[in-house]
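Remarks on the structure that follows.
We did not get these values from a lab; they are worked out from the coordinates using the rules stated. From a predicted model like this one, the values you see are computed outputs, not experimental measurements. Every residue, glycine as well, gets a Cβ built from its backbone with ideal geometry; the counts of neighbours run over all protein chains shown.
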Amino acid sequence: MEDRERDEEGKFSSDHDVALDDIYQLMEPLEPYTSREIADEAEIPRRTAYKFLDELSDAGRIRKKKPEPRRVIWIRPNGG
């Protein structure tokens, strides 16, 4: 059984103190990034980075480009 705390929605809370804005600020405008690059820079697991990046993309703050079936590129627009 997991001993981690859950949030109000019953989801496990993150072990990391990284927020969406932290991930967004790591990205230079118009520079392409992989989830691995962001994970390494933020010192978080790749899956966590992907989740944050996907949320930023869903919110329209960054672009998600999928050049290959198993590869995703994330891009922060200029002036965003």
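Quick look at the numbers
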quantity	calculated
Loop sites in the stretch 22-80: trypsin sites (Lys or Arg not before Pro), DSSP, at most 15 other Cβ within 10 Å	70
Residue-span extension gain [residue 63 to residue 46] - 0.36 nm each, minus C-alpha spacing	4.3 nm
The stretch 20-75 - charge dipole about Cα centre, Lys and Arg +1 at Cβ, Asp and Glu -1, debye rounded to 20	440 debye
Around residue 28: net Lys/Arg minus Asp/Glu count, Cβ-Cβ under 12 Å	-2
Exposure proxy ranking, count of Cβ atoms within 10 Å, fewest first, for 57, 35	57, 35
Note, ³J(HN,Hα) from phi for the stretch 25-42, Karplus 6.51, -1.76, 1.60, rounded to Hz, x at Gly and Pro	5, 5, 8, 7, x, 6, 8, x, 10, 9, 4, 4, 4, 5, 4, 5, 5, 8
For the stretch 20-75: rounded, prolate or oblate by the Cα gyration tensor [a/c cutoff 1.5]	rounded
